[in-house]
Amino acid sequence: MDIQRETETLSKVPLFSKLEQSKLKLLAFTSELQTYSDGEVVVNEGDAADCAFVIMEGQADIYANTESGEVVVGTLMANQLLGELGVLTNAPRAATIRANGKVIMLRIGGEMFLRLLAENPSVALDVMRQLSGKLVLAHRQNEELQDRLHQLTGS
Amino acid sequence: MQSTIFRFILKFSRREQILLLIFTALSFPFLYMSLDLPKTIINQAIGGQDFPRTVLGYEFEQIPFLLLLCSLFLSLVLVNGGFKYFINVYRGVVGERMLRRLRYQLFARMLRFPQPQFRKTSQGEMVSMITAETELLGGFIGDSIALPAFQGGTLLTIITFMMIQDWVLGLAAIFLYPVQAYLIPKLQRRVNQLRKQRTLKVRKLSERIGEVVVGIREVHANDTSQYELADFSERAGEIYQLRYKAYVMKFLIKFINNFLAQITPFFFYSIGGYLVIKGELSFGALVAVLAAYKDMSDPWKELLNYYQNMEDCRVKYELLAETFQPPGMLPENMLSADVVDDRPLLGELVAANVDLSEEDEVEGLFAGNLSMRLPLPQSVALVGEHGSGRERFASVITGIFRPRAGSVSINDVDVTQAPEAVTGRRTSYVGQQPSLRSGSLKDNLYYCLMHRPVTPKEYDEEEGKEIERKRHEAQLSGNSDADLAADWIDYQAIGVGDPDGLVERTLQVLNISGMSDDVYQFGLQATLDPQANPELAARVLEARHALKQRLEDPEIGSLVDQFDRDSYNDNLTVAENLMFGTPRDDSLQIDQLADNEYMRRVLEEARLTKPFLQIGRQIAEVMVDLFADVEADSHLFEQFSFISADDLPEFKSLLARTADSDLEQLEESDRRLLLSLPFKLIPARHRLGLVTEELKPRLLEARRIFCKGFEDGPPAVDFFDPENYSRSISIQDNILFGRLVYGMPRAQATIGALIEEVVAKLDLRRPITELGLDYPVGIGGTRLSPAQRQKLAIARSVLKKPDVLVLDEATAILDESAQKSLMGSLFEEFKGRALIWLVHRASLAEQFDSTVLMERGKCVAQGSYAELKEAIPG
């Protein structure tokens, strides 16, 4: 893959669809194109978050640690962004992500990612929207769990 | 410390000063003779009669007599010059020795400062005081006695001469001296005050500069550079004002002095003239007095200069003396005394009425004095909140802080009174921010064993003499005469016999502190001179071959792009591909290649110049396109761009200028610019698609030409050779003999593990770790991560083998698992010795034999963690 093709792929990522060609190119050039084999860890829960990823090809699973071991709690598809939360909050990775089959990722350095947000309000807004969605989901899950807890404790 | 500079001079250089005086006095008669002789030559030899003359029983005609007197004159000139030369050199020697002594004294006193003093005196001030402020004094000290004696003597002689000629005129000549003697010191006092203020301001300025250097990150992080500049300007302005005022005064003094000196002749002409007219004074005497008076002005000027200089030095010295005797200084023998009582500190710790407060600290910070009994050896958790005084107490136990009242004894040895030879060897302290010295890891580790020179260094006769001379010189300046090159490491104290044993022990200790892996990694990155250590180089080669076998597995092999003379390596730069090795000198550094004649010739020969120009233009186009909107100070330039922000406009205009022109027709400067770019290309990483498959065979051809060289052979490059160790790449690169393939995140871990395996199999881990001990830690240890610095400090403390180890939240910075394992190994290591730990979380106390709870400077509870659990706040 060369920069030209990567740039084309990037422009298909909804998040970046509104970006100018030259900015996409810079993004591609300053990012690292990585190949992961099946089952390989992309990010590890608890590690420092210094970058975000865009899936260029393939898919990856999100794992959560529970008492009964690791379970898949979600799957990320091509053109999706991942790991952005850690970069924004500067907190350690919240979950482990593994490649499901061969995956090609574009690794965007934390600094570059923040720069992208700062310079492009449309991208920032999109990221915000995605994050809000995640927040709503988490909130709803939390409420459900609370309800079940109440039922179980019988109060 | 002597209270004034003259006391200091007389105490330490009386003999030398007297010698200088004697020589000055001895030089007078010769000086006089050389002034007198010309008269004799003219009057007697040239203008004289009655030849031959008898000198020392020999008879001389006029010409030989003239030659005799002339050669006498010549020898007098030589003798005078000799005196001057000797006196000047000796004066310099005396001055420099005294300067050395003063600096040494100041430094030695600084070592004895009580701890709180360092909160009041900054590093910058210290540096400025010991180096800059003393500088002036050295020059003065050599002059201090001899110069006023010489010039004063000259002056007195002239005055006496005048008095003899005519006492009235003599009086007239010195008539204004009392006025000068009254006025000048008065003005000088004002100058002194200004000088004093200025010195203090300069110290503050040094302090500020020091602080900015230390806090440079804060300056950048808070955008305060403009504020700092204004602050600097303000201070520099104040210093300017003080200097300006001092100048005005100083030259006013000179002016008054000159003026008074000039009006004296007025009296000569009026009074002297009157006396001559009245016939009471001969005309000749007036002329002689006038001539003599002219001679007076020089010594007088010299004396005035001396006076001003002396006052300046006096003020400087007094300021130094003031600063360098703070109250509560440690007695000298605390630092210098050797161990008398060699009892181990392995009995009960008894603290009695220890006052943990510091001089001029707010009253009532602590509720009272500390008393406790603590059976040792055991492991003790010291628990207490900020302000409980536990850090202070920890410093007391380890002899760092000497309390104003009370005592702490361990096994009946009072550590508050014991010399540092006891506390500094039998106890050890690790704080949260250990300080390291620039030097290697090894230097830092062994620092804790460098108490006294242990084994003198062996010297041959020649060197021995040189060392003896150095030692003698040091003694003359009252400096330490210990030989820095001797072996200072106290092997015995830690129970090892020799340097090998020490390395063995050091590796163990690094294991305890959890730093082995870090040091091993440093070792992997180290380079090795195969000539100095052929055996290790051979073993590394063996590892290379072993790894190569493993890389035959295609799964693993795909992660490494191995060095192969006959194939192009996409994971190396184009430059590395062409040279296929690492250059030994700067002319082949990647930025210089376009200017390098040899490389240009290789390109020409391989018919690559044109393709390179094309690629260069393409790269320039991409870079100009990509980085046009990036601000010049962005890190992106540094990290990613082939063209620096400064050069970008130049390339932009080049592209515009030459858009339609033939690349071959470009001017040399433009060609160079374009040619400089392709060398930096790493095809796998940059993915620009510029190094095409068709181009690769030609690049390989260029490689062959480069390696073979022309008539003069190839340049100084360590070529990659599968059968030879390469000295300019790291051990790891020598083993790998290739590059990790770009964009394979697992390559790092997989190949790292594989190298590890090979290294373990071939027993290379130890020698590699040993090489890692030479890793330079940088100024203040800045090349290490905070966690590594901490682990190094802990390793150092363990290496010292103290009876009592005190850790002040020393592991707080480490991650959970490292902390846990470190704690475990320290407990194990310190079985039978005392481990006192200021835990950063009270719950950690659970694992200790006993717990002590401190509050406001007192011990409030003591017992097992279970017993104390309720009492511990938080």
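The values are calculated or read from the model by the stated rules, or taken from the named source; none is laboratory data. What you see is a predicted model; the values in this text were computed from it and never measured. With ideal geometry, Cβ positions are generated from the backbone for all residues, glycine too; neighbour counts draw on all protein chains shown. Note: areas computed on protein heavy atoms with side chains; ligands, DNA, RNA excluded. Shrake-Rupley method; radii C 1.70, N 1.55, O 1.52, S 1.80 Å.
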Consider B:Arg704 carefully, then state whether it is basic (Lys, Arg), away from chain A (no Cβ under 14 Å), without any contact (Cβ under 8 Å) to a residue 12 or more places away in the chain and not in a loop (DSSP other than H, G, I, E, B). yes
What are the residue pairs meeting all of these: first residue in segment B:456-471, first residue among the hydrophobic types (A, V, I, L, M, F, W, C), second residue assigned to a loop (DSSP other than H, G, I, E, B), Cβ atoms under 8 Å, and 6 or more apart or on different chains? B:Ile467/B:Tyr459; B:Ile467/B:Asp483
Scanning segment B:382-418 for residues that are in a strand (DSSP E or B) and out of contact with any Lys or Arg (no Cβ under 9 Å at 6 or more places or on another chain), which turns out surrounded by the most Cβ atoms within 10 Å (Cβ to Cβ)? B:Val408
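Just to check your reading of the model, which residue among B:Asp774, B:Asp808 is among the acidic types (Asp, Glu), open to solvent by less than 40 Å² (accessible area, probe 1.4 Å) and either within 14 Å of chain A (Cβ to nearest Cβ) or touching a strand residue (DSSP E or B) at 6+ places or on another chain (Cβ under 8 Å) (or both)?
Working: B:Asp774 fails: open to solvent by less than 40 Å² (accessible area, probe 1.4 Å).
Selected residue: B:Asp808, the only one of B:Asp774, B:Asp808 that is among the acidic types (Asp, Glu), open to solvent by less than 40 Å² (accessible area, probe 1.4 Å) and either within 14 Å of chain A (Cβ to nearest Cβ) or touching a strand residue (DSSP E or B) at 6+ places or on another chain (Cβ under 8 Å) (or both).
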Counted residues in segment B:707-718 being charged (D, E, K, R) and either surrounded by 12 or more Cβ atoms within 10 Å (Cβ to Cβ) or assigned to a strand (DSSP E or B) (or both) come to 1
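Scan segment B:674-701 for residues that are among the basic types (Lys, Arg), within 14 Å of chain A (Cβ to nearest Cβ) and open to solvent by 30 Å² or more (accessible area, probe 1.4 Å) and jot them down.
Initial filter on segment B:674-701 (among the basic types (Lys, Arg)): B:680, B:685, B:687, B:696, B:698.
Next, only the ones that are within 14 Å of chain A (Cβ to nearest Cβ) stay: B:680, B:685, B:687.
Residues satisfying the conditions are B:Lys680, B:Arg685.
Could you list, in sequence order, the residues of segment B:348-370 that are among the small types (Gly, Ala, Ser) and open to solvent by 30 Å² or more (accessible area, probe 1.4 Å)? Full working, then the answer.
Going through segment B:348-370, the residues among the small types (Gly, Ala, Ser) turn out to be B:351-352, B:357, B:364, B:367-368.
If the condition is that a residue be among the small types (Gly, Ala, Ser) and open to solvent by 30 Å² or more (accessible area, probe 1.4 Å), then B:Ala352, B:Gly364, B:Ala367 are the ones that fit.
Residues are listed down the side, and each one gets a yes or a no for (1) within 20 Å of B:Val860 (Cβ to Cβ); (2) touching a residue at least 24 places away in the same chain (Cβ under 8 Å); (3) hydrophobic (A, V, I, L, M, F, W, C):
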site	(1), (2), (3)
B:Val340	no, no, yes
B:Asp355	yes, yes, no
B:Gly364	yes, no, no
B:Thr398	no, yes, no
B:Ser428	no, yes, no
B:Gln432	no, yes, no
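Could you tell me whether segment B:286-295 includes any residue that is among the acidic types (Asp, Glu), modelled with pLDDT of 80 or more and open to solvent by 50 Å² or more (accessible area, probe 1.4 Å)? Quick ask: steps written out before the conclusion?
Keep residues of segment B:286-295 that are among the acidic types (Asp, Glu), which gives B:295.
Those still in the list that are modelled with pLDDT of 80 or more too: none.
No, there is no match, as no residue in segment B:286-295 is among the acidic types (Asp, Glu), modelled with pLDDT of 80 or more and open to solvent by 50 Å² or more (accessible area, probe 1.4 Å).
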Among strands (runs of 3 or more DSSP E) lying entirely in segment A:1-103, which contain 3 or more residues that are within 12 Å of another protein chain (Cβ to nearest Cβ) and touching a residue at least 12 places away in the same chain (Cβ under 8 Å)? A:32-36, A:41-43, A:51-66
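In segment B:42-151, which helices (runs of 4 or more DSSP H) lie fully inside it and hold 1 or more residues that are buried (at least 20 other Cβ atoms within 10 Å of the Cβ)? Break it down stepwise before answering.
Numbers: elements: B:62-111, B:117-120, B:123-127, B:134-143.
In segment B:42-151, B:62-111, B:123-127, B:134-143 are the helices (runs of 4 or more DSSP H) which contain 1 or more residues that are buried (at least 20 other Cβ atoms within 10 Å of the Cβ).
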Going through segment B:333-347 one residue at a time, which ones are touching a helix residue (DSSP H, G or I) at 6+ places or on another chain (Cβ under 8 Å) and either among the aromatic types (Phe, Trp, Tyr) or open to solvent by 10 Å² or more (accessible area, probe 1.4 Å) (or both)? B:Met334, B:Leu335, B:Ala337, B:Asp338, B:Val339, B:Asp341, B:Pro344
Filter result (within 14 Å of chain A (Cβ to nearest Cβ), outside any loop (DSSP other than H, G, I, E, B) and free of Cβ contacts under 8 Å to residues at least 60 places away in the same chain) within segment B:721-747: B:Pro745
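Listed here are the residues, each with its yes/no results for (1) open to solvent by less than 80 Å² (accessible area, probe 1.4 Å); (2) within 20 Å of B:Phe706 (Cα to Cα).
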{"residue": "B:Leu588", "(1), (2)": "yes, yes"}
{"residue": "B:Arg607", "(1), (2)": "no, yes"}
{"residue": "B:Gln614", "(1), (2)": "no, no"}
{"residue": "B:Ala620", "(1), (2)": "yes, no"}
